[in-house]
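One structure is given below, encoded as structure tokens.
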Amino acid sequence: MTAPNSDVLLGACGWLSERDPALAAAFAAYGVPQWRVGQPEYAVIARMIAFQQITTKAARTIWDRVEARLGTVHTHTVLGEDEEALRACGLSRPKIRHLRSIAEAIESGELDLERVHKAGMEEARAELIAVKGIGPWTADLFLMACGRLDAFPVGDVGLMESYRLLSESEARLDSRAFSERAESWRPYRGVAAHLLWAWINAERAKAYAADGGG
């Protein structure tokens, strides 16, 4: 897959900037964000599962071990591997169960990622979250990786914190309120998410460098 057209992204960023000062500030600071693109394949979802609810640094270490162990992260390599070997890579038992459940759904044809990639937004999301192990957050991230401009992981804490900082608010919006705010960003909620991620990641990198990288 390829990222959305750069002219489309530029136009979407301008459109969002006119509607929300926080997004305007993010766009003014860092411009058009780089789109996170992935292939419509099992390894993309598997990596998302591995990275959930732990620090990025820890997740990268675990994922590197998984790739080293399996060679290729594929449905058959995950299903054919011993659970304890996957545990030794750092994966929790619930995550291993989810990885195997998703792999089994793909092997059986219950989940067809090519079909998901080509389907309408709601149909694609429904097929993904029908599989045990794929929640709304993972489904929306996968659809964003497929280039869907309006896919949006509502409960993403990083997005909510980024929006709080850009809005110069003391309190972070809860998931429901943030979802309601994001309604005004349709049909470019995915672009808004990338703007917010780009801004907070860049700010964290600046703070890390200012602190001497320690």
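The values are calculated or read from the model by the stated rules, or taken from the named source; none is laboratory data. In this text, all values refer to a predicted model and were calculated from it rather than measured experimentally. Quick reminder, even Gly has a Cβ in these numbers, built from the backbone with ideal geometry, and neighbours come from all protein chains shown. When the accessible area is computed, the model is the full protein with side chains, heavy atoms only, and any ligands, DNA or RNA have been set aside. Shrake-Rupley method; radii C 1.70, N 1.55, O 1.52, S 1.80 Å.
So, L141, is that one among the hydrophobic types (A, V, I, L, M, F, W, C), at pLDDT below 95, surrounded by 13 or more Cβ atoms within 10 Å (Cβ to Cβ) and part of a helix (DSSP H, G or I) or not?
yes
How many residues does the range 31-53 contain that are more than 14 Å from the chain's Cα centre (by Cα), within 30 Å of H98 (Cβ to Cβ) and not acidic (D, E)?
2
Show the residue pairs meeting these rules: Cβ distance below 6 Å; 6+ apart or different chains; first residue within the range 103-116 and at negative phi; second residue outside any helix (DSSP H, G or I) and at pLDDT 95 or above.
Once the first residue is at negative phi and sits in the range 103-116, its partners that are outside any helix (DSSP H, G or I) and at pLDDT 95 or above give A105/L111; A105/V131; L111/V131.
Take the conditions touching a Pro at 6+ places or on another chain (Cβ under 7 Å) and either loosely packed, with under 13 Cβ neighbours inside 10 Å or of a type in the set (D, E, K, R) (or both) and apply them to E114. Does it pass?
The answer is yes for E114.
Counting just the residues of the range 48-57 that are closer than 28 Å to C13 by Cα and free of Cβ contacts under 8 Å to residues at least 40 places away in the same chain, which one comes out surrounded by the most Cβ atoms within 10 Å (Cβ to Cβ)?
This residue is F51.
Out of everything in the range 14-30 that is under 11 Å from L196 (Cα atoms) and within 21 Å of the chain's Cα centre (by Cα), what residue ends up being most open to solvent (accessible area, probe 1.4 Å)?
Residue satisfying both the conditions and the ranking: Y30.
Counting just the residues of the range 89-111 that are in contact with a Phe, Trp or Tyr (Cβ under 8 Å, 6 or more places away or on another chain) and open to solvent by less than 10 Å² (accessible area, probe 1.4 Å), which one comes out farthest from L70 (Cα to Cα)?
I102
Can you work out which of the residues in the range 54-87 that are charged (D, E, K, R) and not in a helix (DSSP H, G or I) is modelled with the highest pLDDT?
E81
Kindly provide the set of residues from the range 58-81 that are among the charged types (D, E, K, R) and open to solvent by 90 Å² or more (accessible area, probe 1.4 Å), ordered by number.
R60, D64, R65, R69
Residues of the range 120-138 being open to solvent by 30 Å² or more (accessible area, probe 1.4 Å) and of a type in the set (A, V, I, L, M), which ones?
Scanning the range 120-138 gives M121, A126, I129, A130.
When the range 163-184 is examined, which residues are found to be over 18 Å from the mean Cα position of the chain (by Cα), surrounded by 14 or more Cβ atoms within 10 Å (Cβ to Cβ) and either of a type in the set (A, V, I, L, M, F, W, C) or within 19 Å of A3 (Cα to Cα) (or both)?
Matches in the range 163-184: L165, L166, L173.
Please count how many residues of the range 189-214 are surrounded by 23 or more Cβ atoms within 10 Å (Cβ to Cβ) and not in a helix (DSSP H, G or I).
0
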